[in-house]
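*Asks:* What follows is a single structure, and I will ask about it in a moment.
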């Protein structure tokens, strides 16, 4: 057991063996009611969750873990005789391990197993209502965070997953062996449809594969959604003809109601768009509905994780993004913003790589430095294309490709549109930087260390790249990450 | 002459870089062979962005271990089709990939006229778009 100020009393204390005692009216400790089973070994069909819990002062960590298991499955605050009408032993979630979080006093990791009967087939709404429902407001805990989850193949197979998946997406777009390039249209707000389309055309003709609506571009007074779609599709098709490449622009179909969302998606399809975009804030059921719609209409779904920080950012409370990414892969998205590690937004490089693995693996191996606590068999589920977006520029191309490989969309918004020689030049700079780094890596060069030199050499025959490197040479966002992985390679023994 | 910044069709992994030399092509082939990919050669005189099926210049070279063999096939393809588009493609047969994982153009016609955009006005403000290759009206084999 870990050394910490509070000793963990992890002995079995349940009284479920004595039914009369267990079901006498009154209040029992959760660990007495059967929610603490230190000898329990999860079976292949169990879902296993790892929670980081911070019990209130004086609350026994094992009792707190048992309470989490109870409140996220069958328990209520008092004993109920109606439990005895059910096969309640199997419905109870079982906390089976508690360890102190290395280096953070007062926090504990708690492992909890859930029987497969507890969840509706193919419903993220149902899973989340249990696992992150009432339990997250439970008073005996100061804070709780769902750090990771392992879902059984039997449950995974009840989900259809990404409508397109990254392999098929590449086949449709005819783009292989390199990251895809994108940019978010800026400014976020205020452009008319006509001006907006200009930015799309310049970016795509200059060499980007995708342009993108921002998360809060829906249908405001300055630009009605239909107007945006019409101008954007003119730009997309014109750029496709100008380059001989398939191009796309994520049309954000987020709206106030499902009826609005469907109407917008239908119009995007009618105009021949290859991709639509959703904001995370529309909710799990809406996401799953749109995944069904997208499967029916051969559409790629771009997921902008707007709002995820309210769940994911605080290390002691909420849901880790690796769990969100797993659920989104099941729910059915094709693109998912997963962080840049080197850009302006939150993210420790190892932790961010963990999110990428969850999106792209066929089988995710336990990898503690990357925050992955469990093996996860994806049962051949299609893969999600991760998106790195936010505060990145051409000068970081070698770092991005070294960290994330080929299966990623690199989105340079300011890094394209803010180029001193214009949007097309910005796009050229990014595409040349991308291609020269991929080429050099394949040739066996050490891009992590030789990257700057490779870029400078390419810039000698590419003025836009030279201008980009000069403009942003000193820009980096080196803040300490608030969400690193806490683990001990070998748990200390007290 | 196309008006995009490269003046040419920008399909494939390396269209924004100077044309690859044979020595550079060989390094890319070696990289793919090292990963266990199978190389194949395809050619066309219809490079429309949605023309998926270029002609196969022979079968994918599944059992070939030496880049020299691919280069020999490429030389033969270039000799037969000097003004066609030719691309090298690498396939990865790993479960859950089973697709193309590298693709780049290694031969182009001297003059690339590119594509026009045909606009058909339909109901309301909607337009139907058709990307049309300027060279594709001529019969196969006499386009470039």
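*Asks:* For the stretch A:129-189, what does the alpha-carbon gyration tensor say about shape, rounded, prolate or oblate, given a ≥ b ≥ c as the root eigenvalues, a/c under 1.5 as rounded, and a/b over b/c as prolate?
*Replies:* It comes out oblate by the Cα gyration axes.
*Asks:* Additional query: Along the Cα→Cβ direction, 7 angstrom out, place labels at residue B:52 and residue B:3. What is the inter-label distance in nm?
*Replies:* About 3.2 nm separates the two model spin labels.
*Asks:* Rounded, prolate or oblate: which fits the stretch B:22-112, taking a ≥ b ≥ c as square roots of the Cα gyration tensor eigenvalues, rounded meaning a/c under 1.5, else prolate when a/b beats b/c?
*Replies:* Note, shape of the stretch B:22-112 comes out oblate.
*Asks:* Further question: What three numbers, in Å, describe the spread of the alpha carbons of the protein assembly as shown along their principal axes, ordered from the longest?
*Replies:* Sorted from largest, the Cα extents of the protein assembly as shown read 92, 58, 47 Å.
*Asks:* Let me ask something else. Please rank A:83, A:279, A:361, fewest neighbouring Cβ atoms within 10 Å first, as an exposure proxy.
*Replies:* Ranking A:83, A:279, A:361 by Cβ neighbours within 10 Å, fewest first, gives A:361, A:83, A:279.
*Asks:* In percent, what relative contact order does chain A have, based on Cα pairs under 8 Å that are 6 or more apart in sequence?
*Replies:* In percent, rounded to a whole number, it is 15.
*Asks:* Would you mind ranking B:144, A:355, A:196 so that the residue whose beta carbon has the fewest other beta carbons within 10 Å leads the list?
*Replies:* By the 10 Å Cβ count, ascending, the order reads B:144, A:196, A:355.
*Asks:* Sort A:471, B:21 so that the residue with the fewest other Cβ atoms within 10 Å of its own Cβ comes first and the one with the most comes last. Working shown, then result.
*Replies:* On the way: A:471 19, B:21 9.
Going from least to most buried by this count: B:21, A:471.
*Asks:* Starting at 0 and stepping by 5 Å, how many percent of the alpha carbon pairs of the stretch A:65-112 end up in each bin?
*Replies:* Final binned percentages: 5, 20, 23, 19, 13, 9, 6, 3, 1.
*Asks:* Would you kindly compute the Cα radius of gyration of the stretch A:286-338 and its largest Cα-Cα separation (Dmax), both in Å?
*Replies:* 12.3, 41
*Asks:* Taking 0.36 nm per residue of separation and subtracting the Cα-Cα distance, what length does fully extending residue A:86 through residue A:44 add?
*Replies:* 12.8 nm
*Asks:* Still on this model: Relative to the longest principal axis of chain B, what angle (0 to 90°, nearest 10) does the C-alpha long axis of helix B:22-34 take?
*Replies:* Once rounded, the angle reads 70 degrees.
*Asks:* Taking every DSSP beta bridge with both residues inside the protein assembly as shown, roughly what % is antiparallel (nearest 5)?
*Replies:* In the protein assembly as shown, DSSP labels about 65 percent of beta bridges as antiparallel.
*Asks:* Here is a further query. Kindly express, to the nearest 10 degrees and within the range 0 to 90, the angle between helix A:423-442's C-alpha long axis and the longest C-alpha principal axis of chain A.
*Replies:* Taking the Cα atoms of chain A, the angle to A:423-442 is about 70 degrees.
*Asks:* Then there's this: For the stretch A:3-155, what is the convex hull (Cα atoms) projected area averaged across all directions, in square nanometres? Could you put the intermediate results ahead of the total?
*Replies:* Working: hull surface 36.1 nm².
Over all viewing directions, the stretch A:3-155 projects a mean Cα-hull area of 9.0 nm².
*Asks:* Rounded, prolate or oblate: pick one for the stretch A:82-139, where a ≥ b ≥ c are the square roots of the eigenvalues of its C-alpha gyration tensor, a/c under 1.5 means rounded, and failing that, prolate if a/b is larger than b/c, else oblate.
*Replies:* prolate
*Asks:* How high is the relative contact order of the stretch B:22-112, given as a whole-number percent (alpha carbon pairs under 8 Å, six or more residues apart)?
*Replies:* 30 percent
*Asks:* Can you give the angle from 0 to 90° between the axis of helix A:61-71 and the longest principal axis of chain A, with both taken from C-alpha atoms, to the nearest 10?
*Replies:* That helix lies at roughly 70 degrees to the long axis.
*Asks:* Would you please give the FRET efficiency between residue B:93 and residue A:19, computed as 1/(1 + (r/R0)^6) with r the Cβ-Cβ distance and R0 = 45 Å, to the nearest 0.05?
*Replies:* Taking R0 as 45 Å, the efficiency between residue B:93 and residue A:19 is 0.20.
*Asks:* Now for a different question. Please work out the C-alpha center-to-center distance from the stretch B:40-101 to the stretch A:413-454 and express it in whole Å.
*Replies:* Cα centroid of the stretch B:40-101 versus Cα centroid of the stretch A:413-454: 27 Å apart.
We did not get these values from a lab; they are worked out from the coordinates using the rules stated. Owing to the predicted nature of the structure, the values given are computational and were not obtained by experimental measurement. FYI the Cβ positions are ideal-geometry reconstructions off the backbone, even for glycines, and counts take in every protein chain you see.
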